[in-house]
1. Just one of A:Thr442, A:Thr459 is closer than 13 Å to A:Ala476 by Cα, at pLDDT 95 or above and surrounded by fewer than 24 Cβ atoms within 10 Å (Cβ to Cβ); which is it?
2. Condition first: more than 15 Å from A:Gly371 (Cα to Cα) and either free of Cβ contacts under 8 Å to residues at least 24 places away in the same chain or crowded, with 20+ Cβ neighbours inside 10 Å (or both). Now tell me which residues in the range A:47-63 satisfy that.
3. Only one of A:Gly360, A:Gly432 is free of Cβ contacts under 8 Å to residues at least 40 places away in the same chain and over 16 Å from the mean Cα position of the chain (by Cα). Can you tell me which?
4. Can you name every residue in the range A:568-586 that is within 27 Å of the chain's Cα centre (by Cα), of a type in the set (S, T, N, Q) and in a loop (DSSP other than H, G, I, E, B)?
5. Can you tell me which of A:Ala400, A:Ala345 is away from chain B (no Cβ under 14 Å), within 21 Å of A:Asp760 (Cα to Cα), of a type in the set (A, V, I, L, M, F, W, C) and not in a loop (DSSP other than H, G, I, E, B)?
6. Consider the range A:421-458. How many of its residues are over 28 Å from A:Gly537 (Cα atoms) and within 14 Å of chain B (Cβ to nearest Cβ)?
7. Would you mind stating whether A:Tyr196 is surrounded by 24 or more Cβ atoms within 10 Å (Cβ to Cβ), out of contact with any Cys (no Cβ under 9 Å at 6 or more places or on another chain) and at pLDDT 95 or above?
Amino acid sequence: MKDTADRIAQPWGDRVPYGRHETWPARVDTFLADGVEPEAVQQWVQSASILHSDGDAMDIAVADGRMVGVRGRDVDRVNRGRLGPKDLFGWQANGSRDRLTRPLVRRDGRLEETDWDTAMNLVAARSRELLDERGPGSIGFYTTGQLFLEEYYTLTVLARAGIGTNHLDGNTRLCTSTAAEALKETFGCDGQPGSYDDFDHADVVALFGHNIAETQPVQWMRLLDRMEGTDPPRLLCVDPRTTRVARHAAVHLAPRGGTNVALLNALLHETIRHDRIDRDFIDAHTVGFEELAERVADCTPKWAAEICDVPAARIEEAAELVGTTDALVSTVLQGVYQSHQATAAAVQINNLHLIRGMLGRPGAGLLQMNGQPTAQNTRECGANGDLPGFRNWQNDSHVADLAKVWNVEPETIPHYAPPTHAMQMYRYAEQGSIRMLWISGTNPAVSLPELSRIRSILTQNRLFTVVQDLFLTETAQLADVVLPAATWGEKTGALTNADRTVHLSEKAVEPPGEAKPDLDIFLDYARRMDFRDKDGGPLITWDDPESAFEAWKRCSAGRPCDYTGLSYAKLRDTSGVQWPCDEESPEGTARLYTDGISWAHPDLCESYGKDLETGASQEAVEYRSLNPDGKAMLKAAAYRPPHEEPDEEHPFQLTTGRTIYHFHTRTKTGRAPQLRDAAPDVWVEISTADADRLGLGEGDLVDVTSKRGSLRGRLRVTGIRPGLLFVPFHYGYWDTEDGSGPGPDTPGRAANETTVTDWDPASKQPLFKTATAGLTLVERGDGSASPAPTTAASAPAAPGVATPTAGGPAAHTTQTPTEFPHGREEGAQ
Amino acid sequence: MNGITLTLRTLHRGERHLAHDLVSVAERHRTEHEVHHVATDLAVWSREHVRRLAEVAAHHDVRLGDPPDHSSDGVLATLRKQASEAVVHRPEPGLLLLHDLRELHIAAAENSLHWEMLAQAAQASRDSELLGLASACHPRTLRQMRWTNTMIKNLSPQILNSL
């Protein structure tokens, strides 16, 4: 291993091979700003990444009150010192000159600087007016997956019990709601069953619509390290692009968009037909096997091959891979979650694990992934269209219990219907029943589907929009009030990753100007609104991150996500700990369901379930008769074709997605030079076959047009499946002439100009992977390549057409292999 | 005509109507995206019920027609769609939506009762084909009802409190 690596050119750094059942060794990655020597660092401040869901633990280097770099924490169970490119370089965005430093309010159509008092009084006054005139249902909150636990919990209490509105959801609706829903459908309750440690023990790792190399690059390093060690894992990759995962896979399936359920039903069919099932596990822990077997009885590989446009023989090979191994880990992400029939498909992967008995032991793990760093907290704190602590809104005793924690009457907490999901909130805003929308830490004017519609909603005069962010994002430019927020490294809070690992992220430096932590903004609002509990005391009794964390612990007590065994002191002392962490498991819990299904009992479950195809809610009485003993539920689903199929005008399927160098709408990563330059602009991926057929080539400028709108980008010819176009969704308009959207001088640039307003009826997650589009040539390329990176899934099919992506000396990062100090790794047996 | 063929006819008519009404509601509420998409999907079930009813009825020497042709009232469909888009920023169509969902629910409930009758008659007359038909189709009718009920439950608090 070299001492340093260009981590733009080599996003995953060098290998530290290890064998199956061995402990993954540490490798400490350190990046310091140009000219900063390690000795110059005065303080290392504990934190974890907020640029993906992996939870990479790191220390922030501070010198003279400024951030000057980062170093991976070798003691942490998740990343063992490693950092991905976004972790290494993304922090530089904190110091951007265009950070918001003062509140802004709209006067005579223009946003003008003001002081906090004026801005917050305006927000509070408008809230009170609306409460008086139109009631709590006229106010909505749209938050994110990028704040801290303490902030979500505070927001939840003030929205649900203070305002009393049912309209609180996160942009986690776009990234993780299917993971939550699929777990609720199968296990009765949210909660990630598996652990990242399962990767150390797996024989087969099946990645369904999960480009882990780019979305959780550090866990990909783990798999790469294992693939170079003894007894390496075999990979199954289901992805329409030739991702890095696909290149390493034993079997790669690239199905037609929107056909996941057909493919998965065929895998289940084969598993049952060959009797590769664990009958004892099925009998002991599940209900519904007979119906599932009947429903997939006709779903042969040959049948699925027609629908998915994948050879039947490949499906049989995939089925053999997942069906015959003794240790299967499956991971699932946006290829499943943002597709047509999202929950139905994700649930079939749960089913595969249940009928094979692959649950709750090392190497037999199920990971329904998250997209964002703190999406798990949005979910557990009840800021994601659920009640806090995975309580069931349909269960009066759960609501009463929550009311007791908050010292309010149960009627104070809206629970007459499920908490409103984000897509419905935007509809209410569109038809005028929501009149105030408070958007924190997210950028819907780029990230929601069908952007022309979203812009038309956000620019309505009658809608009072508050935007709380670091920068004047596309969304902030359309707001009535803009609140400058502090971010990671400038405030303290806890965050929980996709495998339930809780980290503490501490304040390292002061925020710029008058920017404030999101928690302080919410607390300020609560004070101005004077929210009270049922005895007339303040509804919100905490005033800083640690007291908010302690309040959350009381809310989580006895729930699946029990935090009562944690404290700031403990998180400082031990680095990441997996919940539940309570008296019984003071060191945390590696895996759920090691001893049966624990939260599916009718009295305990978070949800009574939904019809996977219509989204209709089940009632308690139905749930009780289906699942009286609280077992895992095997739910079958029939394949349905997507709503939008290619036609003459729109002959391509269109999918959107990510690159390793950017996060979300690039508000941070677009301001970190190494990341910005690695993927500087939008591009369009097309297959070699389609490019040849249409006479198009690398670098040609094209318009991608759907029924909703269009975008313009340069072509990259790749190994993507024929008939499919791919566009990264990160690019918006803040760094263009027109600022917040396309204009006279700015053609469409955001992928979501083209996407459809349609969502999975069960999880309400919008469809970003199944639209159709036409492609037209605008002008021939001038010989230079498309701005797409060459290092990962967007690598050109013909090597040599593009200069390899590299960061040069500015991206040099030190990497130092070392022992993982905790030899006693949980789950290693 | 015996009672079974009478019920087959009634149910055939009921499913035809429901298929048609689901599509009409989907078009009329195009800007209510979930209603639009799910109603369109649910119409497919009713159309399939119509086809299967016609097949079984033929064995009882009763000729029943095909499902309604979705594209036959293209002009009306376009009008409904445009009308929906014209009032995208108005709250009042919410009341119409609740009305339409209620009508769909009642139509599905009527079909459900007829499926129940048909299944009972099939058992009594030991007509396994008929029983198979009812067992295959009736659950979907119940799911149509659950969907309309869920949508009414979820949407009415906001719609009725914002007028």
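The values are calculated or read from the model by the stated rules, or taken from the named source; none is laboratory data. Keep in mind that this is a model prediction, so the values were computed, not measured. Cβ placement follows ideal geometry from the backbone for every residue including glycine, while neighbour counts extend to all protein chains displayed.
1. A:Thr459
2. Residues satisfying the conditions are A:Ser47, A:Ala48, A:Ala57, A:Met58, A:Asp59, A:Ile60, A:Ala61.
3. Selected residue: A:Gly432, the only one of A:Gly360, A:Gly432 that is free of Cβ contacts under 8 Å to residues at least 40 places away in the same chain and over 16 Å from the mean Cα position of the chain (by Cα).
4. Scanning the range A:568-586 gives a single hit, A:Ser575.
5. Just one listed residue meets the conditions, A:Ala345.
6. Of the residues in that region, 25 qualify.
7. The answer is yes for A:Tyr196.
Yes or no, residue by residue, for (1) out of contact with any helix residue (DSSP H, G or I) (no Cβ under 8 Å at 6 or more places or on another chain); (2) closer than 24 Å to A:Thr589 by Cα; (3) not polar (S, T, N, Q):
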| position | (1), (2), (3) |
| --- | --- |
| A:Ser47 | yes, yes, no |
| A:Ile50 | yes, yes, yes |
| A:Gly81 | yes, yes, yes |
| A:Glu112 | yes, no, yes |
